1. What aspartates and glutamates does Lys44 reach when the alpha-carbon gap must be under 19 Å and sequence neighbours fewer than 8 apart in one chain are set aside?
2. Report the charge-dipole magnitude of the range 40-108 in Debye, nearest 20, computed about the Cα centre from +1 at each Lys and Arg Cβ and -1 at each Asp and Glu Cβ.
3. When the chain is fully extended, how far beyond the present Cα-Cα distance does Lys123 get from Glu142, taking 0.36 nm per residue of separation?
4. If the reach is capped at under 20 angstrom between alpha carbons, list the lysines near Lys123, excluding any in the same chain fewer than eight residues apart.
Amino acid sequence: MIRALRSWTEWTGIILAPALLLGCGSGDTPPLGQVTGVVTLDGKPIDGAMIQFEPVSNGLPTAFGKTDSEGKYELWYSRGNKGASLGEALVRIQAFRDANPDSGETRRPEVIPARYNVMTDLKVEVTRGDQNHNFDLKSGGEIIQPDVEKTGRSLVTGCG
């Protein structure tokens, strides 16, 4: 299965390309749910984790967010549009960060088990209005490290 996925970064590139093309435009925006929450790993907030709500229904853009130092996030449907598509969504959370000499950020290996990102078993129902979806992740299990050195890519949205 890991071989089929190749790497987390290649997988995210597959879903991000359509999301960036569709989600960053100025086209009609469907009804959205305003989603916020907190992400923790073993009860401790995860700073700088990327979170995606990928609609189960085909054709809808993935919403993205990033946690702050307290683990809080807010989702963005597209540039200028906060929220996520209504309906059931798969949730993927990644804490990996590649080094960025421009900002001084150092490389951080993935610490979140694959069952919360590449092999996610997290699902939520996004409804109209404001809602809070918290995720208290538990360590243990397989962790898949992105292959950024080969591809040069990591999870970035370009929106928001």
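Here, each number is a calculation from the coordinates, and none is a lab measurement. The structure displayed is predicted, hence computed values, not measured ones. Positions of Cβ are generated from backbone atoms using ideal geometry, with glycine treated the same way; all protein chains shown enter the neighbour counts.
1. Asp68, Glu70, Glu74, Glu110, Asp136
2. Working: 9 positive and 10 negative charges, 14 e Å.
Using only the charged Cβ atoms, the result is roughly 60 debye.
3. 4.9 nm
4. Candidates past the 8-residue exclusion: Lys66, Lys72, Lys82, Lys138.
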